[in-house]
Amino acid sequence: MESDGGIPGPLTVMVPLRSLSGAKTRLTDVLDPAERAELATRLLRDVVAAVRAWGKADRLIVVSADPAVTELAAELGAEGFIQRSTGMNEGLAEARAQVGGGAGTLLVLPADLPAVTPASLGRVEAAALDLLGAARTGTGDGQGRAALVVTDGAGEGTNALLLRPPDIIPFAFGPGSRRAHLAAAKRAGTATRAIHDEELSFDLDTPADLERWRRRRGAYRALLALPVPGIGEVTAGTDLATLIAKALDDAVAGDSAYRPQPGDVIVVTQKIVSKAEGRLVDLGTVEPRPEAVAWAKEWGRDARQVETVLREADEILRMERGVIIARTRHGFVCANAGVDASNVPGGTVSILPEDPDRTAHELQAALSERFGVALGVVVSDSFGRPWRLGITDVALGVAGFGGLADLRGEPDTVGRIMRTTVIAVADEIAAAADLAAGKTSGCPVVLVRGARLPPEPAEAAQRGGRGLIMARDQELFR
């Protein structure tokens, strides 16, 4: 098939990885076997995630002689193919024969491309379409047959190989593979081209490559957080996207730094989202149950507010010393189920938005379209933390980027492979925004620039603020 002017399909992507235990032997002097396996796992995960986020592959197949690799592939949402032969080229040929090599398009991506992104795969797609177009119009040879080679950094190897049809040439990965693949394509009368791509042409084989990746990933950057003035009062039914866009336009008139740029994140406090969505409760309408009355009397609380907390809670985890720790229907564990009497009219309390991720997605789509750049959005709120004093802002809803930066499998500052480090980037952005705006400034929207944003996960269940909620079977303290 062919859709939206993309690469003629069906498109199969194959990712070869010999094994986890025997991966990256040229790094033996700097990494032990367990670290090399962790690194190979990380690289495979990134390649699979980039292909899935790209969204153009009809099939994604990981080719390996190691059952552990194919099991990992299944966990990542890809197919696994166990090769019987030992070599990479032979394994790819086996997998191609099973898939059927006579129709469609094949893209081979080795599992050691640390800088691969959906954007880099999009550039391969554009180059392939240009090559196929030249063949069809007679400005090139091949008559709709194409072989596109993405070279390694030295220009001698092959870091990605696109073939249409898939069996047009034999595989020749290894030393001098660029020359071998191009020569075979010319002999087959196929339109052919070699390209260099800043991201895809970076592969990871040597200690120098590992250090280059560490520097690339670990480079510091300046962070800018700009509270957006002029939001004004928000009431039920307020169009937040329009309100925020106007406030940004007005701010740009006085300071061009407010003009949204690609990768900026707009942080919006939960309170104005709840107000706009009509999530205020008139306490005069609340009839507290006996348990709420008793608790309120014991601890000097408003029984109607206690009742609202009990209604909003999906599960009460602890009621002690005047504090109710609850799990909300969203999955958040927080004090008072997110019910809050601050910054709202007297006699009312705010409750959490019905679906913070949906709100974040709607704002992200509207604001990105309005300003013509890809933005992120965070819906933030203040939470306490176990064993720490004070509150800090966290992300309830996230859109336009991944809330977590998974550093497992990456080198640390001394080159050792990290095995447990996962950074809550969305929470950090929310906290930075709160630090810039403060609690009483009247600026419930902050533009944050300069954060390194993880890509959105391919799995819907891992996207947004829900992706930061710990699964119950991982909880250590209950």
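About the centre of its Cα atoms, the chain shows a dipole size close to 680 debye [charges on the beta carbon of Lys, Arg (+1) and Asp, Glu (-1) only; nearest 20 debye]. Summary of the geometry: the stretch 361-383 and the stretch 218-259, compared by the centres of their Cα atoms, lie 11 Å apart.
Approximating the spin labels as points 7 Å out from Cα along Cα→Cβ, the residue 452-to-residue 302 distance works out to 4.6 nm. Selection among 115, 44, 31 by position relative to the dipole of the stretch 16-119 gives 115 as farthest towards the positive end (Cβ unit charges, Cα centre). Taking the Kirkwood radius as Rh and the Cα radius of gyration as Rg, the stretch 178-298 has a ratio of Rg/Rh equal to 1.32. Could you work out how far the C-alpha centroid of the stretch 154-170 sits from that of the stretch 297-315, in angstrom? If you average the Cα positions of each part, the centres end up 65 Å apart. Amide H to amide H distances under 5 Å link residue 160 with 150, where only residues 5 or more positions off or on other chains count and H is placed in the peptide plane.
In this calculation the C-beta distance from residue 242 to residue 123 is compared with R0 = 41 Å, giving a FRET efficiency of 0.70.
Neighbours of residue 400 by Cβ distance under 13 Å: Lys/Arg scored +1, Asp/Glu scored -1, total -4. Taking Lys and Arg as +1 and Asp and Glu as -1, the other residues whose beta-carbon sits under 13 Å from that of residue 249 total +1. Computing semi-axes √(5λ) of the Cα gyration tensor in Å directly from the structure and comparing it against (1) 37, 24, 22; (2) 50, 25, 20; (3) 81, 27, 20 singles out (2). Taking the helices alone, the chain has a mean residue ellipticity at 222 nm of -10500 deg cm²/dmol, built from -39,500 (n - 2.57) per DSSP H run of at least 4 residues and averaged over all its residues.
For the stretch 320-478, a/c is not less than 1.5, where a ≥ b ≥ c are the root eigenvalues of the C-alpha gyration tensor, and a/b does not top b/c. That puts it in the oblate class.
Put +1 on the Cβ of every Lys and Arg and -1 on every Asp and Glu Cβ in the chain; which of 201, 189, 429 then has its Cα farthest towards the positive end of the dipole? Of the listed residues, the answer is 189.
Sorted into 5 angstrom bins from 0, the C-alpha pair distances of the stretch 11-217 split as 1, 8, 16, 21, 22, 17, 9, 4, 2, 1, 0 percent. Beta-bridge orientation, the stretch 11-217: approximately 35 percent antiparallel, per DSSP, counting only bridges with both partners inside.
Using only the alpha-carbon atoms, how far is helix 356-371 inclined from the longest principal axis of the chain? Give it as 0 to 90 degrees, nearest 10. The answer is roughly 70 degrees.
Each value in this text was obtained by applying a stated rule to the coordinates, not by laboratory testing. Since the model is a prediction, treat every value here as computed from it, not as a measurement. Every residue, glycine among them, receives a Cβ derived from its backbone with ideal geometry; neighbour counts consider all protein chains shown.
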